[in-house]
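Chemist: Once you've had a glance at the structure underneath, I'll fire off some questions.
The values are calculated or read from the model by the stated rules, or taken from the named source; none is laboratory data. As the structure is a computational prediction, the values presented were derived from the model and not from experiment. Every residue, glycine as well, gets a Cβ built from its backbone with ideal geometry; the counts of neighbours run over all protein chains shown.
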Protein chains: 2
Amino acid sequence: MSGIADVARVAGVSKSTASRALSGSGYVSEDTRRRVADAAASLGYVPSTSAVSLATGRTRTVGVMMPTVTRWFFAEVLEGIQHSLLQHGLDLTLYTAGPDRASHDIVYRDFLSQRRFDGLIAVGLDPVDRDVDMMRSLERPVVTVASGDIAGVDVAIDDEYAVRRATEHLIDLGHRSIVFLGGPRAHWAHVDELRFRGYLRTMESAGLGAHAHHVTCPVTLPGGFEAAVDLLSYPEQRPTGIVAVCDEVAIGAIIAARRLGISVPAELSVIGIDDHEYAEMFSLTTLAQNPRQQGALAVDLLAQRIADPTIVGGVKPLRARLVSRHSTARVREG
Amino acid sequence: MSGIADVARVAGVSKSTASRALSGSGYVSEDTRRRVADAAASLGYVPSTSAVSLATGRTRTVGVMMPTVTRWFFAEVLEGIQHSLLQHGLDLTLYTAGPDRASHDIVYRDFLSQRRFDGLIAVGLDPVDRDVDMMRSLERPVVTVASGDIAGVDVAIDDEYAVRRATEHLIDLGHRSIVFLGGPRAHWAHVDELRFRGYLRTMESAGLGAHAHHVTCPVTLPGGFEAAVDLLSYPEQRPTGIVAVCDEVAIGAIIAARRLGISVPAELSVIGIDDHEYAEMFSLTTLAQNPRQQGALAVDLLAQRIADPTIVGGVKPLRARLVSRHSTARVREG
């Protein structure tokens, strides 16, 4: 590929003049600038971004940190971010750090501390891990998505609202024995904990506090399936309604019910939060959110903050929308 | 954060000496090098990678291109790559380009042409799109994963073997009416096409060519579900066995069968390729592959090629392994 020397030769100027013309730093006449630009275009010359970075202090790169890319929500947010960054002409550097502290430490010590980005997007990082505090100490703009802390987060749905709406939907249909399914108590993700607390408050407000019950399970489809097989196998402990921490767990519960010959919704109502790509095929009633849109909003916000670091304030919490399908129904009188 | 001037001051040397000592370029005494290193460590100083890149020509970054991150296979490969790059101290820059030509063009024109990486990993890119040819023109090492072209690909399972093994498994159990489910004919992914052709050849070798039948559908779980509902609704056209293009499609078919009251495996055998995270809960018999391992192998191979660009030759095609669960059984005599 062509170098700056080739561009200079074709344009008939010195290398340093060609460099000034292309970087936009230092004076060159308009005529020279045009000749150099034409030469660069005709040669397919692309400037070294390392040199541009040194000159401008900009990397044209955004770092994205999330715990995993294998769950629906994170993969969708990542696609939203990627699509939007392409429009902005910005590279995406991905950092995943699982629940173990050690992988976080490697990411911080060996990667983030080098600040090879103009800004960071942190998705689903728990406030308790202090990740976001560490990111902010890097003196680059940070935008947070879905960290389960409405006060400090930039882009997120209102989890408290979503789970209240889901729980009230079942209460309105006459259910009293409503289980909250999902999330291990031991290593709570903050979002899961928020949703559980919202469920609990809603049950208590409706005078159903004595019926509130948390069945823990990994926040995955197989996790929901296995926990629901356990929960539903004994008629005496079987609830009439399940509020699942998310759609993957809700769908696992529906599959479990079908395997056990329990009719959904005639004998069991199940409601989720997400509007996962499988929600339609399972006729799942859910509180819909749009993670791709959240990714795009995060990029817009970060681009603003990179342009002007004094900008503060995020997006107003997004409202999940009730999508009524056929996994919930009026409780059977008995 | 501290700059090179702070390091120089603490070490009691000039800025240029501190810079030489830290970059390892140019002479400094061992004593000075140690004082500068200690100063840098005590201040938590991290050198500007833009400057290091200019000096070394290395970006310490690997570009990864794949069509999507929302499918199981791609998300798993990406996690494998990420985990392995962290060990190597290399950044991961992600480029996703969907099936439309326009998004590929943007990625090449605006991103890849800038070569902000020491090497590239191309995952699941079709040879027909000529993506890999364009990548190779960038004069950086390229490693290809699962591009459906055993001759030219570096890391992949032997798709022909996997689908032959799957089809023979059903033939061995006495099935004759075996459908291949998945993959639209119009925009074949090369992997899907390879698998279909392998199925067809196996059927023909067994004298069952007249029974071969391809039911097209999107290569997703809901895609498999909908196509299978159609296929299985009419007893007269119902096969006794399904070879699915991948586990997501196979699981969709199992869910469809259950919805229609068709017993798996008593009335219908279903086999997939993958060993997806949901395979266990659906008791799916499948040809298992390990995409995380493929991601890690790709990183090892790329690291070798970056160190020595004359190295050629990839990994021997990986053998998928038959995992027998309970979605396949001897055909019912009727």
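Chemist: Taking the condition buried (at least 16 other Cβ atoms within 10 Å of the Cβ) and within 14 Å of another protein chain (Cβ to nearest Cβ), does A:ALA166 pass?
Modeler: no
Chemist: Give the residue that is modelled with the highest pLDDT, with candidates limited to residues of the stretch A:89-142 that are part of a loop (DSSP other than H, G, I, E, B) and closer than 11 Å to A:MET65 by Cα.
Modeler: Applying the filter and picking the extreme gives A:GLY124.
Chemist: Only residues that are among the acidic types (Asp, Glu), at pLDDT 95 or above and out of contact with any Leu (no Cβ under 8 Å at 6 or more places or on another chain): list them for the stretch A:222-258, please.
Modeler: Within the stretch A:222-258, A:GLU226, A:ASP230 meet the criteria.
Chemist: If you don't mind, there's one more thing I want to ask. Say whether the condition of being in a helix (DSSP H, G or I), modelled with pLDDT of 95 or more and in contact with a helix residue (DSSP H, G or I) (Cβ under 7 Å, 6 or more places away or on another chain) is met by at least one residue in the stretch B:175-191.
Modeler: no
Chemist: Given (1) within 9 Å of chain A (Cβ to nearest Cβ); (2) of a type outside the set (Gly, Ala, Ser); (3) not in a loop (DSSP other than H, G, I, E, B), identify the lone condition not met by B:THR59.
Modeler: Among (1) within 9 Å of chain A (Cβ to nearest Cβ); (2) of a type outside the set (Gly, Ala, Ser); (3) not in a loop (DSSP other than H, G, I, E, B), B:THR59 violates only (3).
Chemist: Taking the stretch A:210-226, which residues are among the hydrophobic types (A, V, I, L, M, F, W, C) and within 12 Å of A:ILE255 (Cβ to Cβ)?
Modeler: A:LEU221, A:PHE225
Chemist: Let me ask you something else. A:ARG165 - would you say it is assigned to a helix (DSSP H, G or I) and either touching a residue at least 60 places away in the same chain (Cβ under 8 Å) or in the same structural domain as A:LEU301 (by TED's automatic domain parsing) (or both)?
Modeler: Yes; evaluated as a whole, the condition is true for this residue.
Chemist: Further question on the same structure: State all residues of the stretch B:69-97 that are facing chain A (nearest Cβ under 7 Å), in contact (Cβ under 8 Å) with a residue 24 or more places away in the chain and over 19 Å from B:GLY119 (Cα atoms); if no residue qualifies, say none.
Modeler: B:VAL69, B:GLU76
Residue-by-condition table, conditions (1) assigned by TED's automatic domain parsing to the domain that holds A:GLU139; (2) closer than 22 Å to B:ILE262 by Cα; (3) free of Cβ contacts under 8 Å to residues at least 60 places away in the same chain; (4) surrounded by 17 or more Cβ atoms within 10 Å (Cβ to Cβ):
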| residue | (1), (2), (3), (4) |
| --- | --- |
| A:VAL229 | no, yes, yes, yes |
| A:ILE242 | no, no, no, yes |
| A:HIS276 | no, no, no, yes |
| A:ILE306 | yes, no, no, yes |
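Chemist: Counting only residues that are hydroxyl-bearing (Ser, Thr, Tyr) and within 14 Å of another protein chain (Cβ to nearest Cβ), which one in the stretch A:261-279 is farthest from A:ILE171 (Cα to Cα)?
Modeler: This residue is A:TYR278.
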